[in-house]
Every structure is written in structure tokens, then in C-alpha cells.
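Report on the structure given below.
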Amino acid sequence: MIRLDRLSLGRLPVVPGARTPRCSTTGCRSCRRVVWDMARPLNPFSPSFGVSPPVLAGRRPPLSDFETVFGNVRSPSYATLVWGLRGTGKTVLLNAFEDRAAEQGWLIVSSAGAMPSGLLDDITAKTSRCLQTFEAEHGRRPGRVVSGISLGGVGVQTEAASEADAVPAAQHDLESMLVSLGDALAERGTGLLITVDELHAADVSEIRQFGGVFQLVSRRPERPIAFAGAALPELEDRLMTGPAATFLQRCNRYEIGDLSPSDAETALRVPIETAGGRIDDAALRKAAEASGGQPYLVQLIGADMWDECTDPIAGITIDDVERAVTDSVRKFGEHVYAPVWRRLSDLDKRFLIAMLEDPGSTSIADIGRRWQHDSRSLSRYRQRLLSAGFIAVVGRGRLAFVHEAARSHVARQAADEGWLEAGT
């Protein structure tokens with residue numbers, strides 16, 4: 001063990017396994033004494049958006065269905081769409097799809113709906129690079145060009161393409177590149193997976209165009225080209241009834257949500273034990289319960305309670321969990337709800353603040369009475385807040401915050417912005 005005293009934390013190098021012990025006199029972490037315990041395992045959790053957790057718990061059904069694409073070109077999972085609220089692990093599930101595809105030797109093109117260059121241009125550029133890399137590794141195989149048509153018969157005569165006839169891959173449009181790549185991969189028993197994250201942010205016309213190309217080159221001729229997309233629930237309202245609906249409705253669709261209590265416990269316990277740590281049963285139940293099964297919050301609580309614990313190898317206790325939960329819930333609100341809160345209208349915010357008066361669920365009639373609106377006029381605010389992920393329907397005419405972190409964030413923002421003093 002190396003001990004350094006009275007040094008500025010900001011000037012110290014980053015050392016794997018470093019930890020800052022709680023000050024014995026103040027109970028805080030702000031003292032300048034730093035202890036490096038090189039025997040302490042690194043924190044095994046990954047509380048970052050889109051970063052795959054050490055254990056992907058509770059997502060076996062969509063993964064199992066997706067894996068059928070590798071042995072069956074007619075699998076309905078060749079076009080898969082997953083959606084859910086922020087922090088439920090949509091991007092992580094796409095990562096898992098990509099990992100499974102890579103294990104099978106498939107090529108992968110990853111894009112996102114909010115690409116500055118546009119969705120189609122991004123997929124086209126990446127497919128071009130993918131095709132060029134494939135040709136460089138396997139050698140360009142001469143294609144076939146039409147040399148004549150026999151009107152009296154039924155055949156089309158072809159001959160081998162010359163180098164002069166070959167069009168550079170970068171100049172191919174998306175359809176022709178996917179045809180070339182899909183056919184070449186089929187001969188080698190592999191395929192291509194195209195993934196699009198944040199599909200709800202894409203331009204509707206581009207989704208429609210991509211869907212048309214995908215159907216043309218993949219499903220009808222049964223080329224091994226698969227698609228997987230991820231989106232927020234607002235996709236249902238904005239796209240599923242619009243011009244892009246045909247393609248999206250044909251996708252194998254999964255709505256992913258919170259983990260079950262047992263899956264949340266697994267997602268916490270296994271990384272701890274794999275890293276050489278321990279957690280007692282009461283602490284594990286407390287942490288899983290505090291997470292509400294929310295996958296991102298599970299990772300936040302796991303990471304914070306590991307850091308709170310003086311010695312994870314000896315065991316994480318319920319006291320460590322209780323100290324971690326408060327900070328984890330605050331960070332969860334800042335990361336998940338703050339961006340959405342900033343986009344809400346004042347009337348949307350008033351709706352949420354009116355719900356704070358009830359410790360549990362709230363009836364829409366009570367909100368209308370407090371707000372002096374009839375329940376029918378509240379329906380549009382209700383629907384927007386459902387799509388935004390702040391509230392959920394918990395019974396006929398009754399709503400509740402989706403998580404205690406949502407309630408806490410609304411209460412904190414209402415106080416900070418002066419809503420409570422002004423009244424709702």
C-alpha cells in the first residue's frame with residue numbers, strides 16, 4: 001500500500017484501483033489524503049448510456065428470437081424493432097445483437113437516426129466502406145453485366161464484367177451495394193446486420209426510403225441482410241401511423257421495460273461476485289428494490305454502492321446501499337429526466353406538479369379539479385407525459401410517476417423554478 005498525504009487530488013495521476021477513503025472525522029470524501037490499495041478490485045459496473053453492462057439480465061426473449069436469423073433467412077427477426085423509455089437498455093440490446101452477429105462472422109453497419117449527414121447518407125457511406133473492405137480482403141469478384149436479351153425466349157444473356165465496366169463502390173447507390181454485398185456474403189454463409197439507434201429522431205422520408213430498399217434487397221430475394229432498430233415510445237405516435245408505417249409495422253417488435261426483482265438482483269449480484277466482492281442478502285434486496293428494476297439505475301446504484309463500501313471483498317452492507325441510493329437517484333434524474341423536463345411546456349409541468357400532492361397514484365379527475373380543467377381537456381397533456389416517460393397508467397383514470405426518481409426530480413425542479421411558490 002502506498003500512502004500520500006496532503007496532496008491536491010486534482011494533480012494526482014489516475015491509478016487503476018485507486019480509491020478515496022471516507023474521512024474518519026468528518027465522514028466525507030473531501031479530505032486530501034489518498035490511499036491506493038492495489039488489491040482492491042475495480043468497480044465492475046458501467047453506469048453510462050449505451051455501454052453494455054457486465055450482465056445483460058432480463059433480455060433473453062428478444063435475444064433468442066434475434067439469434068434465429070443466423071440459421072433461417074426467413075426468420076421474422078430479420079427486421080427487429082425495440083422500443084422503451086430512456087434508460088431501459090435499448091442501445092445495450094442493439095449492442096448485444098451486434099455482438100451475436102459478429103460472433104457468427106457477419107458484417108455490421110451501425111447508424112443512428114440523428115446523424116448530421118442524414119440516416120440514408122450515413123448508411124450508404126458505411127455500406128460503401130464495408131463493401132470496399134470486403135473486396136480488399138476477399139478480392140474483387142467480377143460481376144455479370146447484361147449483354148443481350150432474347151425476346152423469343154425467356155432468358156437474359158450475361159457476360160463477365162470487365163474492369164472498365166466495374167463501377168467504384170463509392171459510386172454505387174445503397175440498393176446496388178447491398179445487392180452486391182448480400183450476394184457475396186450469402187456465398188460465404190454469413191450476412192450483414194444494419195442497426196439504427198434513436199430511430200425516432202430520423203426523418204420520416206428517409207425511414208420510408210430505407211424501408212423500401214431493405215424490403216427490395218433482403219426479404220424478397222432472401223439475402224442475408226438483417227435490420228435492428230431502437231426507438232423511444234414517441235415512435236408509436238410520430239411514425240407508426242405515418243408514411244413510414246408499412247416498414248416499421250412489418251418489423252418484429254419488442255417493447256422493453258423494467259427488470260423483474262429477480263433480474264435486478266442478478267444484474268447487481270453477478271458483477272460483484274465476478275469482481276471478487278460480496279453483498280449480503282438484505283443489502284441486495286434493498287438495492288434492487290431502490291432501482292425499481294430500471295436498468296440504468298441498477299448500474300448507477302451498483303457503481304455507487306461499490307464505491308461507498310470500504311472493502312467490497314469483505315462485503316457490501318445495507319448501510320453502503322442506503323448511502324449510495326440517494327446520490328444514484330439524483331444522478332438518474334439529472335441524466336434521464338432533466339433533458340425531457342427542459343422540453344416540456346409550462347402546462348405539461350403544471351400537470352406533473354399537480355400530481356405531487358398525492359403520495360401514490362393520482363386520479364385524472366383530481367388533477368382537473370386542482371387545475372380547474374375538465375378531464376377531457378387534460379388528455380393531450382396526459383398522452384405527452386406518457387410518451388415522455390414521466391408517468392404511467394396504473395388503473396382506470398389513475399396515473400402515477402413511473403419511478404420515485406421521476407417524482408423527486410419534478411419536486412426538485414418545481415422548487416428550484418419557483419412553481420410551488422407561484423402555485424400550480
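The values are calculated or read from the model by the stated rules, or taken from the named source; none is laboratory data. Note that the coordinates shown come from a computational prediction; the quantities given were computed from them, not determined experimentally. All Cβ positions, even for glycine, are placed from backbone atoms using ideal geometry, and neighbour counts span all protein chains on display.
If you check ALA338, ALA365, which single one turns out to be part of a helix (DSSP H, G or I), loosely packed, with under 15 Cβ neighbours inside 10 Å and within 26 Å of the chain's Cα centre (by Cα)? Only one candidate passes the filter, namely ALA338. For region 68-80, the set of residues classified as surrounded by fewer than 17 Cβ atoms within 10 Å (Cβ to Cβ) and over 12 Å from ARG219 (Cβ atoms) consists of THR68, GLY71, ASN72, listed by residue number. A single entry from ALA354, ALA388, ALA405, ALA422 fulfils the requirement of being at pLDDT below 90 and over 30 Å from ALA288 (Cβ atoms): ALA422.
In this structure, is GLY10 in a helix (DSSP H, G or I) and modelled with pLDDT under 50? Against the criterion (in a helix (DSSP H, G or I) and modelled with pLDDT under 50), GLY10 qualifies.
ARG269 - would you say it is of a type in the set (D, E, K, R), more than 15 Å from PHE332 (Cα to Cα), in contact (Cβ under 8 Å) with a residue 12 or more places away in the chain and touching a strand residue (DSSP E or B) at 6+ places or on another chain (Cβ under 9 Å)?
yes
Counting only residues that are part of a loop (DSSP other than H, G, I, E, B) and buried (at least 19 other Cβ atoms within 10 Å of the Cβ), region 87-114 holds 5 of them. When restricted to residues that are among the β-branched types (Val, Ile, Thr) and surrounded by fewer than 23 Cβ atoms within 10 Å (Cβ to Cβ), region 272-311 contains 2. The set of residues from region 74-91 being within 23 Å of GLY211 (Cα to Cα) and either in contact with a Gly (Cβ under 8 Å, 6 or more places away or on another chain) or not assigned by TED's automatic domain parsing to the domain that holds PRO221 (or both) comprises THR80, LEU81, VAL82, GLY84, LYS90, THR91. The set of residues from region 106-135 being of a type in the set (S, T, N, Q) and touching a residue at least 24 places away in the same chain (Cβ under 8 Å) comprises SER110, SER111, THR124, THR127, SER128, GLN132.
For ASP311, the criteria (1) in a loop (DSSP other than H, G, I, E, B); (2) among the charged types (D, E, K, R); (3) under 27 Å from the mean Cα position of the chain (by Cα) hold in every case but one, which is (3).
From the list ALA324, ALA388, ALA354, ALA314, the one residue that fits, being crowded, with 18+ Cβ neighbours inside 10 Å, small (Gly, Ala, Ser) and within 30 Å of GLU273 (Cβ to Cβ), is ALA324.
Within region 249-269, the set of residues being surrounded by 18 or more Cβ atoms within 10 Å (Cβ to Cβ), in a helix (DSSP H, G or I) and of a type outside the set (Lys, Arg) comprises ASP263, ALA264, GLU265, THR266, ALA267, LEU268. Would you call GLY302 touching a residue at least 24 places away in the same chain (Cβ under 8 Å) and outside any loop (DSSP other than H, G, I, E, B)? Yes.
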